[in-house]
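A short write-up of the structure that comes next.
Values in this text are rule-based calculations from the coordinates and carry no lab data. Keep in mind that what you see is a predicted model, and the values were worked out from it rather than measured. Quick reminder, even Gly has a Cβ in these numbers, built from the backbone with ideal geometry, and neighbours come from all protein chains shown.
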Amino acid sequence: MAERLKAPHSKCGMGVTSSEVRILPSPPIMKSFTQKVLEVVSKIPKGKTLTYKEVAQRVGNPKAYRAVGNILNKNYNPKIPCHRVVRSDGKIGGYNRGEKKKRALLKKEKPI
């Protein structure tokens, strides 16, 4: 339902005058792909891993596994455990703080 505000003699659009202006309700806020990826990754528990492909599937775009990697590479928020996302072929994969650091973090958490 639109809220109505009184605005006497205001011009609306193509030179049309109106005595009231309608404010339409905002559309529901949609999460961006990046937000969805970071949300999924933030929920990976210590000691567990997901593949880039599994993360892409969970956010609803199974072919976007490379995009997942790019998003995680740009993330420096310590609350998002990017190191818990690995490649599908069993290899560690990249990490924005270096592969050695990723390997050390995973060993400490015991998933590898």
Computed lengthening from K63 to K100, 0.36 nm per intervening residue step minus Cα-Cα distance = 10.6 nm
Lysines near K108 by alpha-carbon distance under 21 Å, same-chain residues fewer than 8 away left out - which ones?
-> K43, K46, K48, K79, K91, K100
Within the under-13-Å Cβ sphere about Y76, not counting Y76, Lys/Arg +1 and Asp/Glu -1 give a net charge of +4
Any idea what diffusion coefficient segment 29-112 gets from Stokes-Einstein, in µm²/s, Kirkwood Rh on alpha carbon pairs, 37 °C, 0.692 mPa s?
-> 259 µm²/s
